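The values are calculated or read from the model by the stated rules, or taken from the named source; none is laboratory data. Here the structure is a predicted model, which is why all the values come from computation and not from measurement. All Cβ positions, glycine included, derive from the backbone under ideal geometry; neighbour counts span all protein chains shown. Note: areas computed on protein heavy atoms with side chains; ligands, DNA, RNA excluded. Shrake-Rupley method; radii C 1.70, N 1.55, O 1.52, S 1.80 Å.
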Amino acid sequence: MNEIWNTFEKNKSILKEEFNRRDFIKSSGIPVALLEKSCFEMAKDNSISIRRRKANITSFIMENAKISLLCCGWFADRVNHHSIFAKVRKIWQTELLTGELKELHQSQKRQIKDRAFVSDVDFGHTCPDFEAVLELGIPGIIKRLEQSRNSLSLAGKLDKEKAEFFETALQVHHSMITLIIRFANQANSLSKKHPKMRLVEKALLNLTKGAPSDILEAMQLLSIYFFWQSYIEGTIVRSLGRLDELLLPFYEKDLKNGKYSKEQIVELLKHFMYRFYAANIIANVPFAIGGKNNNSNNRDEFASLILDTYSSLDIISPKLHIRICENTENSCLDKVFSSIKAGNNSFVFTNDNIVISALQNIGIEKEEAENYVMIGCYEPAAFKKEVPCTCNGQISLPKAVEYALTGGVDLFSGRENGVKTPIPKTYDEFIAALKTQIKYLCDIAIKRVCALEEHYLSLHSSSIFSATLEECVLNGMDAYEGGAKYNNSSVCAIGLANATDSIFAIKTLIFEDKILTSKELCKILKANWVGYEKLRLKVKKLPKYGNNIAKIDAIANDLLVFSAQCINNIPNARGGVFRLGAFSIDWRETFGKVTAASADGRLKGEYLSKNLSSSVAMDKEGVTAMISSAGAFDYKKLPDGAVLDIVLHPSSVKGKAGNTAMRALVKTYFKMGGMAIQFNIFDPSVLKKAQKEPEKYATLQVRLCGWNVYFTDLSKEVQDEFILQAENNL
């Protein structure tokens, strides 16, 4: 047994490189070139529907792609998929944008290029019904599909489209079982030299016959769904769900029956979580713990074990969503705070009460809202019931401010990207023009999303994902043709601090102090403040968002309230509604690079402000003032998510007192009505050393937008931002 257990540390370096290896077993499948050629031929088969083509491609990859099995690991699901379907879908989408949607695409191309707005398809923010996956297993999901098909047939409701849904879903799931057997056979061939492979083979074969019976099989199935749905089918999984809830029954059963010891379960958890780190997943994959507790003290005990195990790994992925409610234990929070202070920032705290209310405000029933997961970075969704498409579109609030000043002209490109409005002569006229511009950007973003949604099934059917969702199976409809209970879409309003501070500067300079006219300010901004440095410094010293100044915070709140009126509950083209978000992630970089200088003193091409934070180093009154400013919003109007980034100096959170201080910050913010909060704890001197000697600080983590990265992997521009913000908090 020593060859099987207690080997994680010994094999850690091998496990870390698993997804960088090119050791796919030659005899296990056909060459990549032939695999891709065959799939592209299937994609062009116009004699059958795109849904059937998609199913044929998915099955072909599962049955013919080469596989790889790491003898020192526990999980077998690595396939040389070569991201084929992502390439196929790109071809189909290009055909759509140059064909049926050509006129719309061409009419909006300049606005998208200049980042007035962006909107697109979103097949990449999903969470399968992992409860159904673990309860039924793949054979049970197949049985449920067959039963629903038969019921619809007996009721005379099985039309051609529904029949095709069931046929393709069943085809793909049978191929999943074939692929599992391929892995089991390979494990068997390795088992003589590697005894662990006997257990891996047994776990895999059990999954071809029924639902998982122990925690190893449960983790194996979760891993299968993540990697195969994401990379073979191309429907990216952006949450592993509430891991403490999902795995708890297996944990309890295995300990009670003596199947595994607690130490062995910890080792399995290490292997499981470490795989998602080794896989180098873009923006990290999250899982959640905490929140409303339906499983008494055992859930808390298991959540604590997960936290301890995760913290011991010192990795940047997975990332964790910590759900906070009335019965959240301080001991749980302190574990997380201690991990953050030790240098692992992969946590975001979410406020159950606010998230649940926000989801209810877009029509999600209370019980389903209570069972939410955070998709991706911090976008709430009703687990098992909602296809939220949380990153469909973004509008630039700073561009809307600019267009209100110019009458719709983009100062960066010179193009008329906004709607034509009169040059404002009063502050009220300016605000009216601003709202007209925001409404216009929201409307065209929504219009594009809806136009694309009408073709979703022609771009992306999802047999694996859809078959996990009860309503899709009962309705005989794909998740992307409106088969789920809630089929929603999204638009994010970004650059809040820049827009707020610019509005106040415009109000001060033009309409109150009358130092400039609108035309003169536009000329200065177009010149990137060159020749007006004294004026720019004066603008920089004006009151800014993030300092608990009521008149400034009111401007920010009004921006979000009006954006919510333009977005929330507007019908989409899939039978759902739109949801407003106010997070920026890395869009702030791409938007900022093509945005002219702004009235808040920001220079041309500089990144826009991050999430709900102030502009970099503009929160001069400290963290409590920043929290008070961000706490002024009605987050129930932000059902697509919003987060506040907080930077603290290590000296302010030392020891137990530091945990108490961090706990007070989180609870105070949530009592104000905040939705989500995340931390970076930096000593600017350490960041400067890391910038100069990166080889000595290769594992220094930072929380970037909504995921963790290594500081030394960032561009100098982003590193400098972190240093400036850390110095601001001294």
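Going by the structure shown, is Tyr231 open to solvent by less than 40 Å² (accessible area, probe 1.4 Å) and at pLDDT 95 or above? Give the derivation first.
Details: open to solvent by less than 40 Å² (accessible area, probe 1.4 Å): no; at pLDDT 95 or above: yes.
It is false that Tyr231 is open to solvent by less than 40 Å² (accessible area, probe 1.4 Å) and at pLDDT 95 or above.
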Within the stretch 113-122, can one find any residue that is in a strand (DSSP E or B) and open to solvent by 10 Å² or more (accessible area, probe 1.4 Å)?
yes
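Let me confirm something: among Glu402, Glu367, which residue is within 27 Å of Glu131 (Cα to Cα) and either among the acidic types (Asp, Glu) or modelled with pLDDT under 95 (or both)? Walk me through it before giving the result.
Working: Glu402 fails: within 27 Å of Glu131 (Cα to Cα).
Unique residue meeting the criteria: Glu367.
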Test result for Ile281, part of a loop (DSSP other than H, G, I, E, B), under 22 Å from Asn20 (Cβ atoms) and either out of contact with any Lys or Arg (no Cβ under 8 Å at 6 or more places or on another chain) or aromatic (Phe, Trp, Tyr) (or both) = yes
Just one listed residue, out of Phe272, Phe287, is part of a helix (DSSP H, G or I), surrounded by 22 or more Cβ atoms within 10 Å (Cβ to Cβ), among the aromatic types (Phe, Trp, Tyr) and touching a residue at least 40 places away in the same chain (Cβ under 8 Å), and it is Phe272
Filtering the stretch 577-601 down to residues that are buried (at least 24 other Cβ atoms within 10 Å of the Cβ) and touching a Gly at 6+ places or on another chain (Cβ under 8 Å) yields Gly581, Ala582, Phe583, Ser584, Phe591, Gly592, Thr595
Restricting the stretch 356-381 to residues that are open to solvent by less than 10 Å² (accessible area, probe 1.4 Å) and in a helix (DSSP H, G or I), the one nearest to Gly241 (Cα to Cα) turns out to be Ala369
Scanning the stretch 408-417 residue by residue, those open to solvent by 10 Å² or more (accessible area, probe 1.4 Å) and either touching a residue at least 24 places away in the same chain (Cβ under 8 Å) or touching a strand residue (DSSP E or B) at 6+ places or on another chain (Cβ under 8 Å) (or both) turn out to be Val409, Leu411, Phe412, Ser413, Arg415, Glu416
Residues of the stretch 602-638 being within 15 Å of Glu717 (Cβ to Cβ), open to solvent by less than 10 Å² (accessible area, probe 1.4 Å) and touching a Lys or Arg at 6+ places or on another chain (Cβ under 9 Å), in sequence order, are Leu608, Ser609
Within the stretch 639-667, residues being among the small types (Gly, Ala, Ser) and either part of a loop (DSSP other than H, G, I, E, B) or in contact with a Lys or Arg (Cβ under 8 Å, 6 or more places away or on another chain) (or both) number 3
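In the list Thr328, Thr390, Thr309, which residue meets the criterion of being at pLDDT 95 or above, part of a loop (DSSP other than H, G, I, E, B) and of a type outside the set (Phe, Trp, Tyr)?
Values: Thr328 fails: at pLDDT 95 or above; Thr309 fails: part of a loop (DSSP other than H, G, I, E, B).
Going through Thr328, Thr390, Thr309 in turn, the sole match is Thr390.
Out of Arg110, Arg51, I need the residue that is among the basic types (Lys, Arg), open to solvent by less than 40 Å² (accessible area, probe 1.4 Å) and touching a residue at least 60 places away in the same chain (Cβ under 8 Å). Which one?
Values: Arg110 fails: open to solvent by less than 40 Å² (accessible area, probe 1.4 Å).
Matching residue, one of Arg110, Arg51: Arg51.
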Condition check for Ala467: in a helix (DSSP H, G or I), more than 13 Å from Ala116 (Cα to Cα), open to solvent by 10 Å² or more (accessible area, probe 1.4 Å) and touching a helix residue (DSSP H, G or I) at 6+ places or on another chain (Cβ under 9 Å): no
Note on Ala573: of the conditions (1) within 30 Å of Asn361 (Cβ to Cβ); (2) open to solvent by 20 Å² or more (accessible area, probe 1.4 Å); (3) touching a residue at least 40 places away in the same chain (Cβ under 8 Å); (4) not in a loop (DSSP other than H, G, I, E, B), unmet is (4)
Listed by first then second residue, the pairs whose first member lies in the stretch 187-204 and is farther than 17 Å from His271 by Cβ, whose partner is open to solvent by less than 70 Å² (accessible area, probe 1.4 Å), with beta carbons under 8 Å and at least 6 positions apart or on separate chains, are Asn188/Met197; Asn188/Glu201; Ser191/Met197; Ser191/Glu201; Lys193/Cys71
In the stretch 313-325, anything under 21 Å from Lys270 (Cα atoms), at pLDDT 95 or above and open to solvent by 10 Å² or more (accessible area, probe 1.4 Å) is listed as none
Expected output for the stretch 328-344 (first residue more than 16 Å from Ser651 (Cβ to Cβ) and of a type in the set (A, V, I, L, M), partner outside any helix (DSSP H, G or I) and open to solvent by 10 Å² or more (accessible area, probe 1.4 Å), Cβ below 8 Å, 6+ apart or cross-chain) is Leu333/Ile324
Cβ pairs under 6 Å, 6+ apart or interchain, first in the stretch 715-730 and surrounded by fewer than 19 Cβ atoms within 10 Å (Cβ to Cβ), second in a helix (DSSP H, G or I) and not acidic (Asp, Glu), ordered by first then second residue, are Glu727/Pro684
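Go through the stretch 682-729 residue by residue and tally those that are of a type in the set (Phe, Trp, Tyr), assigned to a loop (DSSP other than H, G, I, E, B) and under 17 Å from Val623 (Cα atoms).
Residues flagged as of a type in the set (Phe, Trp, Tyr), assigned to a loop (DSSP other than H, G, I, E, B) and under 17 Å from Val623 (Cα atoms) within the stretch 682-729 amount to 1.
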By residue number, the members of the stretch 478-500 that are under 25 Å from Thr94 (Cα atoms) and open to solvent by 10 Å² or more (accessible area, probe 1.4 Å) are Glu481, Gly482
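Of all residues in the stretch 46-94, which are part of a strand (DSSP E or B) and under 25 Å from the mean Cα position of the chain (by Cα)? Before you say what the answer is, go through the steps one by one.
Filtering the stretch 46-94 for residues part of a strand (DSSP E or B) gives 67-68, 78-79.
Correct list: Arg78, Val79.
Sort out which residues of the stretch 513-570 are of a type in the set (Asp, Glu), open to solvent by 20 Å² or more (accessible area, probe 1.4 Å) and either closer than 24 Å to Leu441 by Cβ or in contact (Cβ under 8 Å) with a residue 12 or more places away in the chain (or both), and write them in order of number. Working first, answer last.
Going through the stretch 513-570, the residues of a type in the set (Asp, Glu) turn out to be 513, 520, 533, 553, 558.
Then keep just the ones that are open to solvent by 20 Å² or more (accessible area, probe 1.4 Å); that gives 513, 520, 533, 558.
The one that is of a type in the set (Asp, Glu), open to solvent by 20 Å² or more (accessible area, probe 1.4 Å) and either closer than 24 Å to Leu441 by Cβ or in contact (Cβ under 8 Å) with a residue 12 or more places away in the chain (or both): Asp558.
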Checked Ala451, Ala432 against criteria (in a helix (DSSP H, G or I), within 17 Å of Val577 (Cα to Cα) and of a type outside the set (Ser, Thr, Tyr)); the one match is Ala451
Among Phe679, Phe670, the single one that is assigned to a helix (DSSP H, G or I), open to solvent by less than 40 Å² (accessible area, probe 1.4 Å), touching a strand residue (DSSP E or B) at 6+ places or on another chain (Cβ under 6 Å) and in contact (Cβ under 8 Å) with a residue 40 or more places away in the chain is Phe670
Picking from Lys399, Lys420, Lys384, the residue that is charged (D, E, K, R) and either part of a strand (DSSP E or B) or surrounded by fewer than 20 Cβ atoms within 10 Å (Cβ to Cβ) (or both) would be Lys420
Picked from the stretch 179-203 (must be under 15 Å from Met62 (Cα atoms) and under 34 Å from the mean Cα position of the chain (by Cα)), the residue surrounded by the fewest Cβ atoms within 10 Å (Cβ to Cβ) is Ile181
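Residue under question is Ser28, and the condition is that it be at positive phi and either open to solvent by less than 70 Å² (accessible area, probe 1.4 Å) or free of Cβ contacts under 8 Å to residues at least 24 places away in the same chain (or both); does it hold? Let's see the steps before the verdict.
Details: at positive phi: no; either open to solvent by less than 70 Å² (accessible area, probe 1.4 Å) or free of Cβ contacts under 8 Å to residues at least 24 places away in the same chain (or both): yes.
So Ser28 does not fit the description; no.
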